[in-house]
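Reviewing the structure listed below.
Read the figures in this text as sums done on the coordinates, not as results from a lab. What you see is a predicted model, and the numbers here were worked out from it, not measured in a lab. No Cβ is skipped: glycine too gets one built from the backbone with ideal geometry, and neighbour counts run over all protein chains shown.
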Amino acid sequence: MSKIYIMIIFLISILFGCSKEPSAPQEELNPVNFFCGLEQEQTKANSVFTSGNTAIIYAFASGEIAANIGGTPLNATASGSGLLSPTSTIFLPKGNYDFYSVSANNVSTPNISFTGGVSGDLANGVDYLWASNKNTTVNNGANVTFAYKHIACQLQIRIVANPRVSGLVVNSVKFTYPITSGVKKNLSTGSISSSGSVTALSNVAGSGNTRNFICLPCTVSSQVEININATIDGQPVTNKTYRATVNQALVGGNSYDIALNMNADNAFSTTCSIITWQNISNSITY
């Protein structure tokens, strides 16, 4: 019996004498703060990103674009002070990271997702914004600033005043929009691929002699159609339709002024120039 007791004591001593391997120290996580502004491509000037606008934030290990980290993607909302507040704080271990953000330049969350750094097909009528902050060091916290850029195209179509024309009323404006199939965004570069074809003529919302709208980049010519009431050389015309060709590739990030001018033969021609991105309040519907 004594041998049994001795054996039990021996086993207990082994059981309680064995210490567990020390666990590895938990890696310290650091909070990341975000700030934002809006950069004009033509002037490189910065302006305040509109308060209440929504964006999506993405974080990756530096040089990576496939595996999101830090709980991203996360929605974030801008304030008038330039602060960009995600729905929850992003914490990361010390290291270098690539941060990206996209927005539709309004209060709605962008309808966009990325696989391997490439989006699905994009849409006309969306003011896509993009910003990056690459190889950012996170060490005891970090402040990351996004300078958003327009990466779609803005078009302003104007019917130019002509001394031969009076009482001009523009009933409608139509445009051949870029076909969206296959047009995608690259998250790493911020570029949008260009469409190589256009739709049939479609209505452009708005009123007056000018129309402003957003569309995707495109490599081929577009068509504009206007329907007007006017008096031309003293002769009244009603619901008169004219068409003109826009021989201009549309490059992402540019804002274009397309002026329609009446020629001596009563046909319209177009001139196209790049202008500073316009702030517009038109309700654009496609």
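Some notes on this structure:
- Placing R0 at 35 angstrom, the Cβ-Cβ distance between Asn75 and Thr189 gives a FRET efficiency of 0.95 after rounding to 0.05.
- Gaussian network model of the chain, springs between alpha carbon atoms under 10 Å - residue of Thr238, Thr136, Thr219 with greatest fluctuation: Thr238
- Zone residues, the range 118-156, relative to Thr180, backbone N less than 13 Å from point 7 Å out along Cα-to-Cβ: 120-128
- Rg and Dmax of the chain, based on Cα coordinates, read 29.1, 128 Å.
- Sorted fewest first by neighbouring Cβ atoms within 10 angstrom, Asp265, Asp98 come out as Asp265, Asp98.
- Degrees between helix 2-17 axis and first principal axis of the chain (Cα, 0 to 90, nearest 10): 30 degrees
- Of the residues Phe35, Phe268, Phe99, the one with the fewest other Cβ atoms within 10 Å heads the list, and the complete ranking is Phe35, Phe268, Phe99.
- Counting only DSSP beta bridges whose two residues both lie in the chain, roughly 85 percent are antiparallel.
- Residue exposure sequence - Val173, Val32 - by fewest surrounding Cβ within 10 Å: Val32, Val173
- Of all DSSP bridge pairs formed entirely within the range 103-199, close to 100 percent run antiparallel.
- DSSP bridge analysis restricted to the range 31-150 gives an antiparallel fraction near 80%, rounded to the nearest 5.
- Mean separation of Cα contacts under 8 Å, 6 or more apart, over the residue count of the range 31-150: relative contact order %: 35 percent
- Taking Val224, Val48, Val102 in turn, the Gaussian network model of the chain (Cα-Cα springs below 10 Å) assigns the largest fluctuation to Val48.
- Think of each Lys and Arg Cβ as +1 and each Asp and Glu Cβ as -1; about the Cα centre, that makes the dipole of the chain roughly 180 debye.
- In this simple spin-label approximation, Asn266 and Ala61 carry label points 7 Å from Cα along the Cα→Cβ vector, and these lie 7.1 nm apart.
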